[in-house]
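Working notes, structure below.
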Amino acid sequence: MELVCEGISHRYGALEVLDGIDLTVRAGECLALLGPSGCGKSTLLGIMGGILKPSAGRVSVAGNPPAGSLNPITYIFQDFALLPWRTVEGNVALALEHRNLAAGELRARVGEALARTNLTEFSTAFPRQLSGGMRQRVGIARALAVDPAILLMDEPLSALDAQTRDLLMEDFLKLWLATRTTSVYVTHNLHEAIRLADRICVLSRRPGRIKEIVAVDLPQADRAMPVAARAMAELGERLWDAIRAEAQVAEREIADG
Ligand SMILES: Nc1ncnc2c1ncn2[C@@H]1O[C@H](COP(=O)(O)OP(=O)(O)O)[C@@H](O)[C@H]1O
Ligand SMILES: [Mg+2]
């Protein structure tokens, strides 16, 4: 499915957060939203998902969800949002409850999501028994279990240490390449955007406006290859030039209170 934002602006009281966002997330692409902290990325993602009503503008979707999709627009959160009193499989099942599924289908969907994310042997573990990376795997499994048409991810790896982040990013990429679910990946991390996205939408500091949309022309599968290193580094420098000034000003604004 495709998701179209037209003239999206948003304010919280007097605070202007987004200004005139026109953006199409194309069917089957992974679009990264890259911008400094506080520029309105989470707000825009919430508006895309329909959990927040914009002050102005509209969001529409086109196309059909995949057969068997239980929840066309699905989130993956930074803080994993797991229930501590439920096991891994209980947390994955959470997304499937209250949907009138036969018990057999619910079990099959949970089992498949756990298998795809290599969590099968941890199905009866509780979140507190898992590392941060494993917890986010559960978050990913829960999202996959509903066969989403559009996946909205809000800095899903930000709470993890750098090494875990890299490992999970590669795992996630493999999963994503197998389905190419239309995705929006919010991050302030240039490296993640360049590794995962088909296109990168660079936002200005608050109020967020689109500064630039950059296509990453190399297929994801080839980007980690040594021959791609130079092109990827050049792209990184170009993007860093685009966001450096925004990030510096945003940093000062936050520091100033
Ligand atoms: N519910 C809210 N009420 C008031 N201000 C908010 C609310 N949510 C976010 N903000 C403010 O709006 C700005 C943008 O927030 P957010 O969309 O979370 O940015 P980002 O995800 O890019 O860091 C920030 O300055 C934040 O403090
Ligand atoms: Mg945010």
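Taking a straight line from the alpha carbon of K174, these aspartates and glutamates sit under 15 Å away, with near neighbours fewer than eight places off in the same chain left out: E29, D166, E192, D198, D222.
Each Lys or Arg adds one and each Asp or Glu takes one away; over the other residues whose Cβ falls under 13 Å from the Cβ of A228, this sums to 0. Run the Debye formula on the Cα coordinates of the stretch 95-237, all scatterers equal and no solvent, and tell me log10 I(q)/I(0) at q = 0.12, 0.18, 0.20 1/Å. Scattering profile of the stretch 95-237, log10 relative to I(0): -0.58, -1.13, -1.30. Modelled spin labels at L167 and D217, positioned 7 Å past Cα toward Cβ, are 3.6 nm from each other. Computed from the C-alpha gyration tensor, the three semi-axes of the ellipsoid equivalent to the chain are 30, 22, 18 Å, from longest to shortest. The packing ranking of peptides 98-106, 117-125, 201-209, 232-240, highest mean first, is 201-209, 117-125, 232-240, 98-106, where packing means the average number of other beta carbon atoms within 10 angstrom of each residue. Per-residue packing, averaged as other Cβ atoms within 10 Å, sorts the ranges 23-30, 143-150 into the order 143-150, 23-30, beginning with the highest. In the elastic network of the chain, a GNM with C-alpha springs shorter than 10 Å, the most mobile of L190, L34, L157 is L190.
Quick one: net charge of T117's neighbours, Cβ under 15 Å, K/R +1, D/E -1? Intermediate results must be reported in sequence, preceding the final value.
On the way: positive: R109, R116, R135, R137, R142, K174; negative: E89, E112, E121, D147, E170, D171.
Net charge around T117: 0.
Shown for the stretch 82-148 is the translational diffusion coefficient from the Stokes-Einstein equation, using the Kirkwood radius over Cα pairs, a temperature of 4 °C and a viscosity of 1.567 mPa s: 112 µm²/s.
Excluding L173 itself, calculate the net charge of residues whose Cβ lies under 13 Å from the Cβ of L173, where each Lys or Arg counts +1 and each Asp or Glu counts -1.
Residues near L173 contribute -1 overall.
Dividing the summed helix terms, -39500 (n - 2.57) for each DSSP H run of n ≥ 4, by the number of residues in the chain produces a 222 nm estimate of -12000 deg cm²/dmol to the nearest 500.
Spatial offset of the stretch 1-66 relative to the stretch 89-122 amounts to 30 Å, using the alpha carbon center of each. Each peptide among 174-186, 76-88 gets the average number of other Cβ atoms lying within 10 Å of its residues, and from highest to lowest they stand as 174-186, 76-88.
Values quoted throughout were computed directly from the atomic coordinates according to the rules given, and no laboratory measurement underlies them. Computed from a predicted structure; not experimentally measured. Every residue, glycine as well, gets a Cβ built from its backbone with ideal geometry; the counts of neighbours run over all protein chains shown.
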